[in-house]
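Visitor: Below: one structure in structure tokens.
The values are calculated or read from the model by the stated rules, or taken from the named source; none is laboratory data. Worth saying up front: this structure is predicted, and the values here are computed from it rather than measured. Counting neighbours? That spans all protein chains shown, and the Cβs are built from the backbone with ideal geometry, glycine included.
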Amino acid sequence: MSIQRFRIAPLFFLACIMGFLPSLPCSATDVTVDCSRNQTITAALNSLDLIGPNSITVSGVCHENVTIAQRDRLTLQSVAGHVATIENAATPAGITLLVAGSHNITLSGLNVQGGAIALYVTSASGAVLLQNSAVQNSLGDGLDIDMQSEMVIQNSTIRNNSATGIFVSDLSHVTMATYPTQRIGISGNGFGGGGNGNSGLSIDGSLVQLNFGVITINGNAGPGVSMDGGRLQFYGGTHDSPGIIENNNVGITITDAASATLWNAFVIRNNGSTGISATGSSSVTFYPGVDDAGPEVVTITGHSLVGLALSQSSAAQLFGAQILRNGSTNPGSTGGISVSGSSLTIGGSASVSGNTGTGIFMSVKGDLTMFDTTVSNNTADGVLETNLSGGGFYTPLTFSHNSGGSLVCDDFSVAFGDVEDISGVNCKNITSAPKQRPSFNIRKAR
């Protein structure tokens with residue numbers, strides 16, 4: 001076998017130099033494109049083989065629609081220290097930059113803008129890297145990833161697109177911010193209609209993960225993040241530099257058996273009516289962390305209606321000091337957390353405080369497990385159970401300065417656990433149960 005390997009190498013080299021293998025690369029090719037001189041990326045692509053490794057270094061503003069199809073090992077980049085622009089030139093607008101059925105594609109230092117979609121990654125493309133770039137000003141979605149494609153986004157911004165900023169669908173996988181110093185921005189999308197909605201980030205049956213760095217999702221017309229099935233896993237920032245989801249119509253919406261996990265520090269604030277909404281058998285989990293500056297937790301604040309809403313057999317596990325605070329005096333506010341026909345587990349130094357309305361409102365067979373939690377300074381009851389709801393309460397618990405009772409139940413709801421250790425309880429149905437707190441695995445980030 002070793003003799004055969006030594007014989008193949010010179011034969012392959014001879015075939016390359018004689019042109020017998022035109023579809024295979026003999027060496028890497030690097031070309032430059034200066035769009036100010038009427039050169040085009042498309043012409044450069046046509047001069048290269050499909051296998052690579054090849055690179056195209058671009059300068060200037062390129063008015064063209066570019067397709068990268070069935071290619072491997074290609075880098076499309078700006079001159080070092082500069083930014084190159086690829087802008088839609090089609091009428092009616094087309095896809096500004098299309099990556100289809102391609103692998104090991106790097107897009108670096110680019111402004112991809114305009115078009116019906118600014119950047120589209122499709123047809124099982126894989127190992128596509130977008131770095132140090134902006135995807136902006138499209139007439140529809142900014143960035144679409146579908147058909148089981150895989151993409152990594154580093155140090156880039158998706159902004160001011162008329163429809164959804166990033167739309168991920170069809171079992172695709174997107175990973176963002178693979179190093180701690182990286183920043184991802186998704187802002188100002190969804191104000192022009194069309195496309196796949198008006199969210200900053202929209203996930204449809206796919207996986208999106210933020211590994212390191214810091215993400216800011218702000219000022220989008222619809223939800224900052226919307227999920228229709230699929231999985232979201234966000235590792236947040238530090239105590240002093242949290243991830244930010246703010247000034248969107250809603251912070252995060254989760255439906256159709258979707259699952260979202262937020263680790264470490266996030267601030268979810270001033271997002272219209274609701275911080276987070278989970279419905280349709282979906283789930284959301286918060287896990288805390290600790291750094292030298294202090295605890296890394298999720299904070300939900302500044303909404304006008306409710307911080308966290310669970311409905312239709314959904315579930316939430318809130319571990320750590322999740323501070324759910326309503327900055328509004330809206331008389332229609334339902335308070336900090338609303339649980340309807342769903343399940344909530346909250347503990348690990350959690351806090352539900354300063355809400356207009358009830359701290360935690362349970363209804364329609366809602367299920368609550370609470371331990372090591374503070375419920376304080378809410379304008380109504382601390383915890384209210386209605387419509388066949390049930391709650392297990394395990395010390396340590398702190399109820400203070402709520403305008404109503406600490407724990408209030410209607411005639412058809414039940415409380416158990418360490419209820420007798422709570423002052424200000426008004427529950428008819430209190431069951432005796434062993435004073436043993438359930439065991440929970442509060443995982444550590446990374």
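Visitor: With the structure loaded, tell me whether residue 321 is among the small types (Gly, Ala, Ser), closer than 19 Å to residue 241 by Cβ and surrounded by fewer than 17 Cβ atoms within 10 Å (Cβ to Cβ) or whether it fails that test.
Guide: It is false that residue 321 is among the small types (Gly, Ala, Ser), closer than 19 Å to residue 241 by Cβ and surrounded by fewer than 17 Cβ atoms within 10 Å (Cβ to Cβ).
Visitor: Of these, 307, 294, 289, which one is more than 22 Å from the chain's Cα centre (by Cα) and either among the β-branched types (Val, Ile, Thr) or within 27 Å of residue 238 (Cα to Cα) (or both)?
Guide: Working: 307 fails: more than 22 Å from the chain's Cα centre (by Cα); 289 fails: more than 22 Å from the chain's Cα centre (by Cα).
Just one listed residue meets the conditions, 294.
Visitor: Another question, if that's okay. Report yes if some residue within the range 53-66 is within 29 Å of the chain's Cα centre (by Cα), of a type in the set (Val, Ile, Thr), under 27 Å from residue 140 (Cβ atoms) and surrounded by 17 or more Cβ atoms within 10 Å (Cβ to Cβ); otherwise report no.
Guide: yes
Visitor: Would you check which residues across the range 220-244 are surrounded by 22 or more Cβ atoms within 10 Å (Cβ to Cβ), part of a strand (DSSP E or B) and touching a Ser or Thr at 6+ places or on another chain (Cβ under 8 Å) and list them?
Guide: Across the range 220-244, the qualifying residues are 223, 224, 225, 226, 227, 232, 234, 243.
Visitor: Before we move on, is residue 16 surrounded by fewer than 21 Cβ atoms within 10 Å (Cβ to Cβ), touching a helix residue (DSSP H, G or I) at 6+ places or on another chain (Cβ under 6 Å) and modelled with pLDDT under 95?
Guide: Criteria not met by residue 16.
Visitor: Residues of the range 137-155 being crowded, with 24+ Cβ neighbours inside 10 Å and either among the hydroxyl-bearing types (Ser, Thr, Tyr) or farther than 22 Å from residue 178 by Cβ (or both), which ones? Talk me through it step by step, then tell me what you get.
Guide: To start, the set of residues in the range 137-155 that are crowded, with 24+ Cβ neighbours inside 10 Å comprises 138, 141-145, 149, 151, 153.
Residues satisfying the conditions are 138, 141, 149.
Visitor: Then there is this: Just to be sure I understand the filter: pairs with C-beta atoms under 6 Å, separated by 6 or more residues or on different chains, first member in the range 25-36 and outside any strand (DSSP E or B), second member modelled with pLDDT of 85 or more. Which pairs pass?
Guide: What qualifies is 25/49; 25/51; 28/53; 35/60; 35/61; 35/62; 36/60.
Visitor: Say we look at the range 353-378 and pick out the residues that are β-branched (Val, Ile, Thr) and in contact (Cβ under 8 Å) with a residue 40 or more places away in the chain; which of these is nearest to residue 404 (Cα to Cα)?
Guide: Top of the filtered list is 358.
Visitor: Sticking with this one: Only one of 248, 264 is crowded, with 23+ Cβ neighbours inside 10 Å and over 22 Å from residue 182 (Cα atoms). Can you tell me which?
Guide: One residue alone meets the criteria, 248.
Visitor: What are the residues in the range 406-432 that are assigned to a strand (DSSP E or B) and crowded, with 17+ Cβ neighbours inside 10 Å, if any? So that I can check it myself, show each step before the final result.
Guide: Of the residues in the range 406-432, the ones assigned to a strand (DSSP E or B) are 407-409, 414-417, 425-426, 430-431.
407, 408, 409, 414, 415, 416, 417, 425, listed by residue number.
Visitor: Counting just the residues of the range 266-290 that are in a loop (DSSP other than H, G, I, E, B) and hydroxyl-bearing (Ser, Thr, Tyr), which one comes out modelled with the lowest pLDDT?
Guide: 273
Visitor: What are the residues in the range 84-122 that are farther than 21 Å from residue 54 by Cα and among the small types (Gly, Ala, Ser), if any?
Guide: Scanning the range 84-122 gives 89, 90, 93, 94, 114, 115, 116, 118.
Visitor: Determine whether the range 291-302 contains at least one residue that is in a loop (DSSP other than H, G, I, E, B), at pLDDT 95 or above and not hydrophobic (A, V, I, L, M, F, W, C).
Guide: no
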